[in-house]
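Below is one structure; the comments refer to it alone.
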(Lines give C-alpha, C1' and ligand atoms only; values in the text may rest on other atoms or scores of the structure.)
Protein backbone atom coordinates (compact mmCIF):
# COMPACT_ATOMS: atom_id res chain seq x y z
CA UNK A 1 0.00 0.00 0.00
CA UNK A 2 0.96 3.65 -0.28
CA UNK A 3 1.89 6.23 2.34
CA UNK A 4 -0.62 9.13 2.28
CA UNK A 5 0.91 12.56 1.71
CA UNK A 6 -0.85 15.95 1.60
CA UNK A 7 -1.00 17.62 -1.82
CA UNK A 8 -2.24 20.77 -0.06
CA UNK A 9 -4.39 22.11 2.76
CA UNK A 10 -7.89 23.54 3.10
CA UNK A 11 -8.49 27.18 4.00
CA UNK A 12 -11.83 27.01 5.77
CA UNK A 13 -14.06 29.28 7.85
CA UNK A 14 -14.50 26.30 10.22
CA UNK A 15 -12.15 25.78 13.13
CA UNK A 16 -14.67 23.91 15.30
CA UNK A 17 -16.17 20.59 14.08
CA UNK A 18 -19.47 21.31 15.85
CA UNK A 19 -19.95 24.43 13.69
CA UNK A 20 -20.11 22.40 10.44
CA UNK A 21 -23.75 21.78 9.37
CA UNK A 22 -24.61 18.07 9.53
CA UNK A 23 -27.61 15.86 8.96
CA UNK A 24 -30.81 15.95 6.89
CA UNK A 25 -30.60 18.52 4.12
CA UNK A 26 -27.50 20.19 5.57
CA UNK A 27 -26.37 22.79 3.05
CA UNK A 28 -22.72 23.73 2.68
CA UNK A 29 -22.73 27.16 1.07
CA UNK A 30 -19.44 28.20 2.69
CA UNK A 31 -16.60 29.37 0.51
CA UNK A 32 -12.97 28.57 1.13
CA UNK A 33 -9.87 27.55 -0.73
CA UNK A 34 -7.84 24.51 -1.62
CA UNK A 35 -4.22 25.62 -1.17
CA UNK A 36 -2.28 23.17 -3.29
CA UNK A 37 1.44 22.84 -2.59
CA UNK A 38 3.66 24.59 -5.19
CA UNK A 39 5.25 21.32 -6.32
CA UNK A 40 1.83 20.05 -7.47
CA UNK A 41 0.58 23.28 -9.16
CA UNK A 42 1.24 22.01 -12.71
CA UNK A 43 -1.27 19.22 -12.04
CA UNK A 44 -4.03 21.87 -11.92
CA UNK A 45 -3.53 22.86 -15.59
CA UNK A 46 -6.92 23.26 -17.38
CA UNK A 47 -8.90 22.72 -14.18
CA UNK A 48 -10.76 26.02 -14.73
CA UNK A 49 -12.98 24.28 -17.31
CA UNK A 50 -14.65 22.16 -14.65
CA UNK A 51 -17.54 23.44 -12.56
CA UNK A 52 -17.28 20.81 -9.83
CA UNK A 53 -14.45 18.83 -8.30
CA UNK A 54 -14.22 15.74 -6.13
CA UNK A 55 -11.90 16.44 -3.21
CA UNK A 56 -10.48 13.53 -1.23
CA UNK A 57 -9.08 14.56 2.13
CA UNK A 58 -8.05 13.06 5.44
CA UNK A 59 -10.14 13.13 8.62
CA UNK A 60 -6.91 14.02 10.42
CA UNK A 61 -8.58 14.83 13.74
CA UNK A 62 -10.56 11.59 13.97
CA UNK A 63 -9.45 8.40 15.73
CA UNK A 64 -10.75 4.85 15.79
CA UNK A 65 -14.13 3.69 14.52
CA UNK A 66 -17.27 1.75 15.42
CA UNK A 67 -18.97 -0.54 12.89
CA UNK A 68 -22.45 0.59 14.01
CA UNK A 69 -23.10 4.33 14.07
CA UNK A 70 -26.08 6.46 15.06
CA UNK A 71 -25.83 9.39 12.64
CA UNK A 72 -27.14 12.92 13.31
CA UNK A 73 -29.88 12.26 10.73
CA UNK A 74 -31.53 9.38 12.57
CA UNK A 75 -32.12 7.98 16.05
CA UNK A 76 -31.25 4.41 15.05
CA UNK A 77 -27.82 2.87 14.49
CA UNK A 78 -26.74 1.90 10.97
CA UNK A 79 -23.69 0.22 9.46
CA UNK A 80 -20.65 2.49 9.29
CA UNK A 81 -20.35 2.11 5.50
CA UNK A 82 -23.89 3.46 5.02
CA UNK A 83 -22.88 6.69 6.79
CA UNK A 84 -20.45 9.55 6.28
CA UNK A 85 -19.03 9.21 9.80
CA UNK A 86 -15.48 10.62 10.11
CA UNK A 87 -14.41 7.63 12.22
CA UNK A 88 -13.55 4.94 9.62
CA UNK A 89 -10.91 2.19 9.14
CA UNK A 90 -9.36 4.43 6.46
CA UNK A 91 -10.27 8.00 7.50
CA UNK A 92 -10.65 9.31 3.94
CA UNK A 93 -13.37 11.89 3.26
CA UNK A 94 -14.97 13.00 0.04
CA UNK A 95 -16.49 16.40 -0.70
CA UNK A 96 -17.91 17.71 -3.97
CA UNK A 97 -17.08 21.40 -4.30
CA UNK A 98 -17.98 24.03 -6.88
CA UNK A 99 -14.90 25.64 -8.42
CA UNK A 100 -15.24 29.44 -8.30
CA UNK A 101 -11.81 30.39 -9.58
CA UNK A 102 -8.10 29.70 -9.56
CA UNK A 103 -5.14 31.87 -8.69
CA UNK A 104 -1.95 29.86 -9.25
CA UNK A 105 -1.99 26.95 -6.83
CA UNK A 106 -5.08 28.24 -4.98
CA UNK A 107 -8.54 27.01 -5.93
CA UNK A 108 -11.41 29.11 -4.59
CA UNK A 109 -14.38 26.81 -3.99
CA UNK A 110 -17.91 26.72 -2.58
CA UNK A 111 -19.17 23.81 -0.52
CA UNK A 112 -16.52 23.64 2.17
CA UNK A 113 -17.29 21.19 4.99
CA UNK A 114 -13.71 20.66 6.15
CA UNK A 115 -11.89 22.20 9.09
CA UNK A 116 -9.19 24.84 8.64
CA UNK A 117 -5.86 23.19 7.81
CA UNK A 118 -7.30 19.84 6.69
CA UNK A 119 -4.84 17.86 4.51
CA UNK A 120 -5.98 17.29 0.92
CA UNK A 121 -5.14 13.90 -0.61
CA UNK A 122 -6.45 14.18 -4.17
CA UNK A 123 -8.59 16.18 -6.58
CA UNK A 124 -10.55 14.55 -9.40
CA UNK A 125 -12.92 15.99 -12.00
CA UNK A 126 -16.65 15.50 -11.33
CA UNK A 127 -17.89 14.09 -14.62
CA UNK A 128 -21.37 12.61 -14.43
CA UNK A 129 -24.43 11.83 -12.36
CA UNK A 130 -26.43 8.73 -11.60
CA UNK A 131 -29.88 9.37 -13.11
CA UNK A 132 -32.12 10.62 -10.28
CA UNK A 133 -34.83 8.05 -11.05
CA UNK A 134 -32.34 5.24 -10.46
CA UNK A 135 -31.12 6.49 -7.08
CA UNK A 136 -32.30 4.94 -3.80
CA UNK A 137 -31.01 6.33 -0.52
CA UNK A 138 -31.91 3.65 2.04
CA UNK A 139 -32.32 4.55 5.68
CA UNK A 140 -31.50 8.20 5.01
CA UNK A 141 -34.57 8.62 2.77
CA UNK A 142 -36.69 6.92 5.45
CA UNK A 143 -35.29 9.17 8.20
CA UNK A 144 -35.96 12.25 6.07
CA UNK A 145 -39.54 11.11 5.41
CA UNK A 146 -40.12 10.55 9.15
CA UNK A 147 -38.72 13.99 9.92
CA UNK A 148 -40.89 15.65 7.26
CA UNK A 149 -43.99 13.84 8.60
CA UNK A 150 -43.27 14.93 12.18
CA UNK A 151 -42.84 18.54 11.05
CA UNK A 152 -46.25 18.44 9.33
CA UNK A 153 -47.90 17.08 12.47
CA UNK A 154 -46.33 19.58 14.87
CA UNK B 1 -1.66 10.78 8.71
CA UNK B 2 -3.11 7.29 8.68
CA UNK B 3 -1.79 3.98 7.37
CA UNK B 4 -4.08 2.61 4.62
CA UNK B 5 -5.46 -0.87 5.26
CA UNK B 6 -7.73 -2.96 3.02
CA UNK B 7 -11.28 -3.44 4.25
CA UNK B 8 -11.74 -6.05 1.50
CA UNK B 9 -10.86 -6.98 -2.06
CA UNK B 10 -12.55 -6.74 -5.46
CA UNK B 11 -13.66 -9.85 -7.36
CA UNK B 12 -13.44 -8.68 -10.95
CA UNK B 13 -13.60 -10.19 -14.43
CA UNK B 14 -10.54 -8.04 -15.26
CA UNK B 15 -7.04 -9.40 -14.74
CA UNK B 16 -5.41 -7.24 -17.43
CA UNK B 17 -5.51 -3.42 -17.13
CA UNK B 18 -5.66 -3.02 -20.92
CA UNK B 19 -8.98 -4.92 -20.99
CA UNK B 20 -10.77 -2.28 -18.90
CA UNK B 21 -12.76 0.11 -21.14
CA UNK B 22 -11.32 3.65 -20.95
CA UNK B 23 -11.96 7.01 -22.54
CA UNK B 24 -14.90 8.88 -24.10
CA UNK B 25 -18.19 7.32 -23.11
CA UNK B 26 -16.60 4.14 -21.76
CA UNK B 27 -19.35 2.08 -20.21
CA UNK B 28 -18.68 -0.26 -17.30
CA UNK B 29 -21.50 -2.81 -17.36
CA UNK B 30 -19.38 -5.54 -15.80
CA UNK B 31 -20.58 -7.24 -12.67
CA UNK B 32 -18.34 -8.31 -9.85
CA UNK B 33 -18.20 -8.33 -6.09
CA UNK B 34 -16.80 -6.39 -3.19
CA UNK B 35 -15.54 -9.07 -0.80
CA UNK B 36 -15.44 -7.27 2.54
CA UNK B 37 -13.30 -8.82 5.29
CA UNK B 38 -15.33 -10.62 7.99
CA UNK B 39 -14.19 -8.22 10.72
CA UNK B 40 -15.88 -5.31 8.88
CA UNK B 41 -19.14 -7.09 7.92
CA UNK B 42 -21.22 -5.39 10.62
CA UNK B 43 -20.40 -2.06 8.97
CA UNK B 44 -22.54 -3.14 5.98
CA UNK B 45 -25.75 -3.27 8.07
CA UNK B 46 -28.68 -1.65 6.14
CA UNK B 47 -26.61 -1.15 2.98
CA UNK B 48 -29.22 -3.03 0.91
CA UNK B 49 -31.39 0.12 0.93
CA UNK B 50 -28.93 1.99 -1.27
CA UNK B 51 -28.91 1.62 -5.04
CA UNK B 52 -25.43 3.09 -5.58
CA UNK B 53 -22.23 3.13 -3.57
CA UNK B 54 -19.03 5.13 -3.73
CA UNK B 55 -16.08 2.75 -3.56
CA UNK B 56 -12.65 4.11 -2.69
CA UNK B 57 -9.84 1.74 -3.60
CA UNK B 58 -6.10 1.70 -4.09
CA UNK B 59 -4.34 1.75 -7.46
CA UNK B 60 -2.04 -0.92 -6.02
CA UNK B 61 -0.35 -1.73 -9.32
CA UNK B 62 0.52 1.86 -10.22
CA UNK B 63 3.78 3.65 -9.39
CA UNK B 64 4.90 7.27 -9.54
CA UNK B 65 3.08 10.08 -11.35
CA UNK B 66 3.47 12.90 -13.86
CA UNK B 67 1.78 16.26 -13.32
CA UNK B 68 0.86 16.55 -17.01
CA UNK B 69 -0.99 13.61 -18.54
CA UNK B 70 -2.28 12.83 -22.03
CA UNK B 71 -5.42 10.83 -21.32
CA UNK B 72 -6.98 8.20 -23.66
CA UNK B 73 -9.82 10.64 -24.35
CA UNK B 74 -7.68 13.37 -25.90
CA UNK B 75 -4.48 13.94 -27.85
CA UNK B 76 -3.38 16.89 -25.69
CA UNK B 77 -1.82 16.84 -22.23
CA UNK B 78 -3.83 18.11 -19.24
CA UNK B 79 -3.13 18.60 -15.56
CA UNK B 80 -3.12 15.36 -13.59
CA UNK B 81 -5.90 16.54 -11.26
CA UNK B 82 -8.26 17.05 -14.23
CA UNK B 83 -7.86 13.37 -15.17
CA UNK B 84 -8.61 9.97 -13.69
CA UNK B 85 -5.05 8.72 -14.29
CA UNK B 86 -4.08 5.87 -11.92
CA UNK B 87 -0.64 7.42 -11.40
CA UNK B 88 -1.21 10.02 -8.63
CA UNK B 89 0.62 11.34 -5.52
CA UNK B 90 -1.95 9.43 -3.45
CA UNK B 91 -3.04 6.49 -5.65
CA UNK B 92 -6.65 6.47 -4.45
CA UNK B 93 -9.38 5.63 -6.96
CA UNK B 94 -13.11 6.21 -6.85
CA UNK B 95 -15.78 4.16 -8.59
CA UNK B 96 -19.56 4.50 -8.37
CA UNK B 97 -21.15 1.06 -8.47
CA UNK B 98 -24.74 -0.15 -8.52
CA UNK B 99 -25.52 -2.49 -5.65
CA UNK B 100 -27.24 -5.63 -6.96
CA UNK B 101 -27.37 -7.62 -3.76
CA UNK B 102 -25.64 -8.68 -0.60
CA UNK B 103 -24.75 -12.08 0.80
CA UNK B 104 -23.11 -11.62 4.19
CA UNK B 105 -19.86 -9.74 3.66
CA UNK B 106 -20.11 -9.96 -0.16
CA UNK B 107 -21.66 -7.11 -2.14
CA UNK B 108 -22.60 -7.99 -5.73
CA UNK B 109 -22.24 -4.86 -7.84
CA UNK B 110 -22.41 -3.59 -11.43
CA UNK B 111 -19.94 -1.07 -12.78
CA UNK B 112 -16.66 -2.79 -11.97
CA UNK B 113 -13.59 -1.08 -13.45
CA UNK B 114 -11.03 -2.49 -11.03
CA UNK B 115 -8.65 -5.39 -11.49
CA UNK B 116 -9.14 -8.72 -9.75
CA UNK B 117 -7.81 -8.55 -6.19
CA UNK B 118 -7.80 -4.75 -5.89
CA UNK B 119 -7.75 -3.60 -2.25
CA UNK B 120 -10.84 -1.67 -1.14
CA UNK B 121 -10.27 1.28 1.22
CA UNK B 122 -13.78 2.53 1.95
CA UNK B 123 -17.44 2.38 0.96
CA UNK B 124 -19.75 5.38 1.28
CA UNK B 125 -23.40 5.86 0.33
CA UNK B 126 -24.06 7.76 -2.91
CA UNK B 127 -26.59 10.36 -1.82
CA UNK B 128 -27.11 13.11 -4.36
CA UNK B 129 -26.25 14.60 -7.72
CA UNK B 130 -25.03 17.95 -8.93
CA UNK B 131 -27.86 19.34 -11.11
CA UNK B 132 -26.97 18.51 -14.73
CA UNK B 133 -27.52 22.11 -15.86
CA UNK B 134 -24.83 23.26 -13.43
CA UNK B 135 -22.17 20.78 -14.55
CA UNK B 136 -19.28 21.79 -16.82
CA UNK B 137 -16.74 19.16 -17.83
CA UNK B 138 -13.82 21.19 -19.22
CA UNK B 139 -11.43 19.65 -21.71
CA UNK B 140 -13.28 16.33 -21.63
CA UNK B 141 -16.45 17.91 -23.05
CA UNK B 142 -14.33 19.61 -25.74
CA UNK B 143 -12.57 16.34 -26.62
CA UNK B 144 -15.93 14.54 -26.85
CA UNK B 145 -17.32 17.28 -29.12
CA UNK B 146 -14.27 17.03 -31.40
CA UNK B 147 -14.63 13.26 -31.55
CA UNK B 148 -18.34 13.50 -32.36
CA UNK B 149 -17.64 16.07 -35.11
CA UNK B 150 -14.95 13.87 -36.68
CA UNK B 151 -17.29 10.88 -36.65
CA UNK B 152 -19.92 12.94 -38.48
CA UNK B 153 -17.41 14.01 -41.12
CA UNK B 154 -15.99 10.54 -41.74
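The values are calculated or read from the model by the stated rules, or taken from the named source; none is laboratory data. All values derive from a computational prediction rather than experimental measurement. Using ideal geometry, Cβ is built from the backbone for each residue, glycine included, and neighbour counts are taken over all protein chains shown.
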- Among the residues of segment A:14-26, is any modelled with pLDDT of 90 or more, outside any strand (DSSP E or B) and in contact with a helix residue (DSSP H, G or I) (Cβ under 7 Å, 6 or more places away or on another chain)? no
- Note on the structure: residue A:92: passes all of (1) out of contact with any helix residue (DSSP H, G or I) (no Cβ under 7 Å at 6 or more places or on another chain); (2) modelled with pLDDT of 95 or more; (3) more than 7 Å from every other protein chain (Cβ to nearest Cβ) but (3)
- Give the number of residues within segment A:99-134 that are facing chain B (nearest Cβ under 8 Å) and closer than 18 Å to residue A:32 by Cβ. 5
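Out of all the residues in segment B:65-72, is one or more within 17 Å of residue A:88 (Cα to Cα) and within 8 Å of chain A (Cβ to nearest Cβ)?
Within segment B:65-72, the subset within 17 Å of residue A:88 (Cα to Cα) is none.
No, that holds for no residue.
Grab the strands (runs of 3 or more DSSP E) fully contained in segment A:67-154, keeping just those with 1 or more residues being touching a strand residue (DSSP E or B) at 6+ places or on another chain (Cβ under 6 Å), buried (at least 16 other Cβ atoms within 10 Å of the Cβ) and free of Cβ contacts under 8 Å to residues at least 40 places away in the same chain. Even if it seems obvious, please write down each step before you answer.
Details: elements: A:92-103, A:106-110, A:119-125.
Ranges flagged: A:92-103.
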